[in-house]
Amino acid sequence: MTANLENQETSALQWAAGWLTARLPDSWSVHLDAEDNLGATDGRLVIQSPSGSAWIAIEARRSLSPAEAGNLLPRLAQILRSMSGDSPVLIVAPWLSPRTQELLAGQGVNYLDQTGNALIKLINPAVYIETEGAARNPDPKERGAIRLRGPKVGRLIRTLVDVSPPYMLKDLADSTGLAPGYISRILDSLNEEAMIKRAPRGPVEFVDAPALLRRWAASYDVFGSNRATTYIAREGLEAIREALAMESRQGAQIAVTGSVAAALLSPVASPTLLLAYTPEPERLAQRLDLLPADEGANVGLLLPFDTIVWKRTRWDEGLQLAAASQVAVDCLTGNGRMPAEGEAILSWMGQDESLWRSDQLEVPGHW
């Protein structure tokens, strides 16, 4: 059994050497040194260029989850650097998920999988190779990650992002009104993807808010997950902003999102589309004298996917805005320059969490 595993690792290292050789100039060479590896990894690749040579420690894995990438590789890199002075590391595997790739790149670790996902950066000799392969595992052996789709998962993600940990599963269940078993399955999946940190049966101790919102955005759509109707405001956006502010002051349930809200948090450009959540889109459109339109619209009214959109709203320049996390995911999944606005909000959120994140969970009477 051990010999078979060693043969698989050697085969993977040889494949990596051949893959790299095919992408370097003809005057360069790459050879595998599986024996002289300091005992910390499976081997090393020696890269010879006309101007000199360098080596990169190589580690073969049959699989590497995001959690393993985040927790195990810093210790591996520390061992190598203590023995050889900050040597580069290359992880080779049959397939690496986009989240695993993100975590490896963030630690300065090179990677290569057999579907063609690769990031290899060396200083001397200078090498930079970045390619894209399969986004999904072509040969899944286990049940894949849970799809973060639907109102319930949106409510849970909003809660995880909006409230600073730690909190226990029961606290999340009480706050969201969701079944503990459902929450537990989602938390297990997010923990495996290194988007949260949670010990078995323990509290959620850390939430990677930007990564979690981007993960949610992969299966959420501001115009599809909510019931969206679009209109033309004949008097322009400024007049509609003033009208919405007045409606809100008079007690109407409205939460502005999208580009207008983004411009108040972290401006990228002047907004051309105003999006707002409302429980009565048709009635509000009549009150604002909006003209229904499929093309050229500058106002969109959204019937919310879940009542979580009314949680942790904030006031700015007379407008009631959706929570920063909601505005971020709405922009990330929008059109035009909205995704760039979403990224700008994520950057703003990272600068000072006290501006948007609550210290404790709310416990509503019902959902």
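The values are calculated or read from the model by the stated rules, or taken from the named source; none is laboratory data. The structure displayed is predicted, hence computed values, not measured ones. Note: ideal-geometry Cβ built from the backbone for every residue, glycine included; neighbour counts use all protein chains shown. With ligands, DNA and RNA removed, areas are computed over all heavy atoms of the protein, side chains included. Shrake-Rupley method; radii C 1.70, N 1.55, O 1.52, S 1.80 Å.
Name the residues in segment 128-175 that are among the polar types (S, T, N, Q), surrounded by fewer than 18 Cβ atoms within 10 Å (Cβ to Cβ) and either under 23 Å from Gln326 (Cα atoms) or at pLDDT 90 or above (or both), would you? I'd like the intermediate steps shown before the answer.
Step one: filter segment 128-175 for residues among the polar types (S, T, N, Q), giving 131, 137, 159, 164, 175.
This time we only want the ones that are surrounded by fewer than 18 Cβ atoms within 10 Å (Cβ to Cβ), so: 131, 137, 164.
Once the filter is applied, which keeps residues that are among the polar types (S, T, N, Q), surrounded by fewer than 18 Cβ atoms within 10 Å (Cβ to Cβ) and either under 23 Å from Gln326 (Cα atoms) or at pLDDT 90 or above (or both), segment 128-175 yields Thr131, Ser164.
This table checks each residue for (1) open to solvent by 40 Å² or more (accessible area, probe 1.4 Å); (2) at pLDDT below 95; (3) out of contact with any Pro (no Cβ under 6 Å at 6 or more places or on another chain).
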{"position": "Asp188", "(1), (2), (3)": "yes, yes, yes"}
{"position": "Asn191", "(1), (2), (3)": "yes, yes, yes"}
{"position": "Pro200", "(1), (2), (3)": "yes, yes, yes"}
{"position": "Leu213", "(1), (2), (3)": "no, no, yes"}
{"position": "Ala218", "(1), (2), (3)": "yes, yes, yes"}
{"position": "Arg234", "(1), (2), (3)": "yes, yes, yes"}
{"position": "Leu237", "(1), (2), (3)": "no, yes, yes"}
* Odd one out for Val299 among (1) surrounded by fewer than 21 Cβ atoms within 10 Å (Cβ to Cβ); (2) touching a residue at least 40 places away in the same chain (Cβ under 8 Å) -> (1)
* From the residues in segment 243-262 that are touching a residue at least 40 places away in the same chain (Cβ under 8 Å) and more than 18 Å from Leu303 (Cα to Cα), which one is surrounded by the most Cβ atoms within 10 Å (Cβ to Cβ)? -> Ala262
* Might you let me know whether segment 17-31 holds any residue that is out of contact with any Gly (no Cβ under 7 Å at 6 or more places or on another chain), at pLDDT below 85 and surrounded by 15 or more Cβ atoms within 10 Å (Cβ to Cβ)? => no
* Asked: So is Met195 among the hydrophobic types (A, V, I, L, M, F, W, C) and open to solvent by 50 Å² or more (accessible area, probe 1.4 Å) or not?
  -> no
* To do: May I ask you to verify whether Pro281 is touching a residue at least 12 places away in the same chain (Cβ under 8 Å) and surrounded by fewer than 19 Cβ atoms within 10 Å (Cβ to Cβ)?
  => no
* **Filtered residues of segment 86-123 (kept if modelled with pLDDT under 85 and either within 16 Å of Asn137 (Cβ to Cβ) or open to solvent by 60 Å² or more (accessible area, probe 1.4 Å) (or both))** => Asp86
* Structure fact -> Residues of segment 220-232 being open to solvent by 20 Å² or more (accessible area, probe 1.4 Å) and hydrophobic (A, V, I, L, M, F, W, C), in sequence order, are Phe223, Ala228, Ile232
